[in-house]
1. Which residues in the range 181-218 place their backbone N less than 19 Å from a point set 7 Å from the Cα of Lys360 along the Cα-to-Cβ direction?
2. Within the range 204-240, which chymotrypsin sites (Phe, Trp or Tyr not before Pro) sit in a loop by DSSP and count at most 16 neighbouring Cβ atoms inside 10 Å?
3. Over the Cα atoms of the range 154-237, what Rg and Dmax result, in angstrom?
4. Sorting Trp334, Trp358 on the 10 Å Cβ count, fewest up front, what's the list?
5. List the lysines whose Cα lies under 17 Å from the Cα of Lys323, skipping any in the same chain that are fewer than 8 positions away.
6. Give me the Kirkwood hydrodynamic radius of the range 4-179, using the inverse of the mean 1/r over all pairs of distinct Cα atoms, in Å to one decimal.
7. Between the range 268-337 and the range 175-199, what is the C-alpha centre distance in whole Å?
8. Relative to the compact-globule scaling 2.2 N^0.38 Å, provide the ratio for the alpha-carbon radius of gyration of the chain.
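Since every read-out is calculated from the coordinates, none of them should be taken as a lab result. Keep in mind that what you see is a predicted model, and the values were worked out from it rather than measured. All Cβ positions, even for glycine, are placed from backbone atoms using ideal geometry, and neighbour counts span all protein chains on display.
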Amino acid sequence: MTGATMVTGADGYLGRRVVSTLLARTDDPLVLAVRAADDTELATKREWAATAFDAAPGRIRVVAADLRQPKPFVDVDPATVRRIVHTAAITRFNVDRDSARQVNLEGTAAVCDFAATCVNLDRYLVLSTLYVSGRHEGPVAEHRLDDRGFVNHYEWSKWAAEERVFGEYAHLPVSVLRLPTVIADDDSGRVTQYNAFHHTLRLFFYGLLGLVPGNPATPLSVTTAAFVSDAVAHLLDDRAPRGVFHVCADPDDTPALGAVIDAAFAVFESDDWFRRRRILRPIYCDEPAFDRLTSAARSMRQAVLSDVLGTVAPFGGQLYRPKTFQTDALRSAWPGCAAPKSIPLVTSTVSHLVRTRWGKTQQEAP
Ligand SMILES: NC(=O)c1ccc[n+]([C@@H]2O[C@H](COP(=O)([O-])OP(=O)(O)OC[C@H]3O[C@@H](n4cnc5c(N)ncnc54)[C@H](OP(=O)(O)O)[C@@H]3O)[C@@H](O)[C@H]2O)c1
């Protein structure tokens, strides 16, 4: 397998889409690096890949690579790898610091160490998050960012991983793609991976949460997996410039939190069941009040309340820190780039959530 593209986290939500896009748009052989605890799990993941992807025989190879190991890629010949897309990470906002350090920071360093041995490497893309900006407020540029503090260990670990890439591994042909929250597979609004965005809206829909942490004026950037995999395919091309790219809508098309909540409730209110329950729109609460509420729920051992707030709390701090993400580098590297329109995307996504009752019904209700 010479001239291969290796995708880490190839069975993750975005990894799968990146693999499908590269299969469709390139002729590259692909190495799918997956976490597998043992031969049985690896065999299961190989079977899954054989049915999940429409690939010619021999075009994909699935290898076990646990990023918690110091040398995860012993089964891959570095001379055969021309491009790497690093998507693997622990992506839970409530991840503990040690696990985040081990997989997201040291794991990225392990991928970099391997990349440094790939003598034919042309391109190395690292998927990151817009929230490496942490507690920063105001415009965020597409370059290395300083430490302004973080609202959770996930953000910190992704920032620290970027620091390693920009420092020790700056000689690699690397690009960093910072992503917003992915809320749907594509513009249709179909959801196949649920995250804090979807879980929080579910709490509002069922009347389990009567307040919103955050400032209604805080911009909230959202996108689709289709747009991200399209960006990966473009920026992986040999002709694309290298750099840091914010893979998101322009600041002018980034709605405020209040507009997102309004769009969601407009969809909720078109549902008969929701209207009959007469559930009111949630009230915005300031940060000290929200912090008091979450710590009171913890100390009172209110399991249900604590679970509900636990869904929202690990990213709630971001909703008090207004910032916009510049996209000049992305626009210049990818002139035809068209990010999904944010409010129509929120509307189609929430419509999907309501119709399927957050994936509970097999078939969408009419
Ligand atoms: N989706 C978003 O909204 C979003 C937003 C911003 C940034 N990102 C970034 O985009 C990337 C992909 O995100 P995603 O949504 O596709 O995440 P995901 O669905 O959670 O997939 C993560 C992948 O990483 C793998 N992984 C976890 N621990 C590993 C380990 N120790 N060794 C090797 N592989 C490991 C997982 O394998 P197992 O499942 O087998 O553990 C899985 O394949 C991440 O870097 C994330 O930080 C995503």
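1. Residues passing the 19 Å test: 191-210.
2. Tyr206
3. In Å, with Rg to one decimal and Dmax whole: 16.8, 52.
4. Going from least to most buried by this count: Trp358, Trp334.
5. Candidates past the 8-residue exclusion: nothing left.
6. Computed over the range 4-179, the radius equals 16.6 Å.
7. If you average the Cα positions of each part, the centres end up 15 Å apart.
8. 1.00
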